[in-house]
Amino acid sequence: MLNYPFLRLTKAFIKSKLTKKIKIQDKTIISMRCGVGDIDPYFEMNNGRYQQLADLGRFNHGFRTGFFKIALKNKITFTVAGTSTKYRYRIPYGKKFSMTTKIIFIDEKWTYYLHEFIYNNRITSTVLARTGVLKNGKLVLSKDAAKIFNLNFLETKLPPWVEAWIDSDKNNPAFIK
């Protein structure tokens, strides 16, 4: 059984062709229904599925901004270098929900996306993702990526809670060299 949401990815790609392009700083929204492939034994959204749907949100953002097309042309891929997921409320089987995706910070190496899952008009979960741009298997600095994507470097302000998350890596024994 395929675990990745390829049908949702295809749907997002097709819809992106039928909707207006957006700017890099814009927020995207995808509406979905929690289906049988999304649930755990408690008949609610499985914790691992949030990561896959956040991935879908970033692809959708790339489709809508035109970045995905430029990336293909330039043989660029994207990588996830870390995520933090917070769960507050459940999304039950069969219920409609939406997910927003927005770039909230860019530093010299990484782009930080915030995904919010919304059900019953409240945020149920969030995923913060640190992502990078790769060319020939090597990380591309943000200023160089901006040139490839033909855009002015997006000035963003570092939210304090994201700064604390970034700083936490400095004290993580798994990352200390």
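Points worth noting:
- Candidates 78, 97, filtered to the one that is modelled with pLDDT of 90 or more, among the aromatic types (Phe, Trp, Tyr), farther than 19 Å from residue 38 by Cα and in a strand (DSSP E or B): 78
- Inspection of the range 108-129 finds no residue satisfying the criterion of being out of contact with any helix residue (DSSP H, G or I) (no Cβ under 6 Å at 6 or more places or on another chain), in a strand (DSSP E or B), among the charged types (D, E, K, R) and over 30 Å from residue 41 (Cβ atoms).
- Count of residues meeting criterion [among the polar types (S, T, N, Q), more than 17 Å from the chain's Cα centre (by Cα) and over 13 Å from residue 66 (Cα atoms)] in the range 1-43: 1
- Qualifying residue in the range 44-54 (condition: over 16 Å from the mean Cα position of the chain (by Cα), free of Cβ contacts under 8 Å to residues at least 40 places away in the same chain and under 21 Å from residue 167 (Cβ atoms)): no
- Residue in the range 157-166 that is out of contact with any strand residue (DSSP E or B) (no Cβ under 6 Å at 6 or more places or on another chain), of a type in the set (A, V, I, L, M), surrounded by 15 or more Cβ atoms within 10 Å (Cβ to Cβ) and on the phi < 0 side of the Ramachandran plot present: yes
- Residues that are touching a helix residue (DSSP H, G or I) at 6+ places or on another chain (Cβ under 9 Å) and either over 30 Å from residue 175 (Cβ atoms) or free of Cβ contacts under 8 Å to residues at least 24 places away in the same chain (or both) within the range 73-93 comprise 91, 93, listed in sequence order.
- Single residue of the range 1-44 satisfying the filter (modelled with pLDDT under 95 and basic (Lys, Arg)) that is surrounded by the most Cβ atoms within 10 Å (Cβ to Cβ): 8
- Residue selected from the range 81-94 under the condition closer than 24 Å to residue 36 by Cβ and assigned to a strand (DSSP E or B), by the criterion nearest to the chain's Cα centre (by Cα): 85
- Residue 164 being part of a strand (DSSP E or B) and more than 17 Å from residue 24 (Cα to Cα): no
- Residue tally, condition buried (at least 20 other Cβ atoms within 10 Å of the Cβ) and modelled with pLDDT under 95, over the range 112-145: 1
The values are calculated or read from the model by the stated rules, or taken from the named source; none is laboratory data. All figures in this text were calculated on a predicted structure; none of them were measured in a lab. Ideal geometry is used to build each Cβ from the backbone, glycine not excepted, and the neighbour counts take in all protein chains shown.
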